[in-house]
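Report on one structure; see the data block that follows.
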């Protein structure tokens with residue numbers, strides 16, 4: 001009986017409860033630390049996947065640029081580049097220049113005094129389109 005009374009002693013019960021609370025606080029702190037490490041690992045994995053994709057893209061771009069440089073160092077590449085940039089032609093080749101005639105016709109009409117304004121707009125002298133332009 002005395003043993004039972006010692007087990008139920010208020011100070012002993014208070015000590016056990018405080019020990020349990022302390023263990024729970026320590027467990028919570030450990031779980032929180034483990035969770036933060038887990039989140040950092042997830043972020044690292046996502047960052048690594050993004051970096052690997054970027055590395056692949058840059059590697060592909062480097063290979064394309066190296067191929068372009070090699071092509072431009074060849075005589076055919078130099079010739080094609082000059083033709084594209086400066087509209088050059090080889091000796092004996094002809095160049096065709098296509099000119100749009102529509103803008104030229106409007107300029108000639110304006111010089112001759114012909115208006116491009118429709119007929120009913122010419123009869124209203126102070127219409128808003130004449131005050132503020134067409």
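Here, each number is a calculation from the coordinates, and none is a lab measurement. Note that the structure is a prediction, hence the values are computed from the model and not measured. Cβ atoms come from the backbone with ideal geometry, glycine included; neighbour counts cover every protein chain shown.
Points worth noting:
- Whole-angstrom Cα spans of the range 1-99 along principal axes, big to small: 123, 32, 13
- Simple spin-label estimate for residue 9 and residue 97 in nanometres, 7 Å along Cα-Cβ: 11.3 nm
- Stretching the chain fully between residue 61 and residue 88 yields a gain of 6.8 nm (0.36 nm per residue, less the alpha carbon separation).
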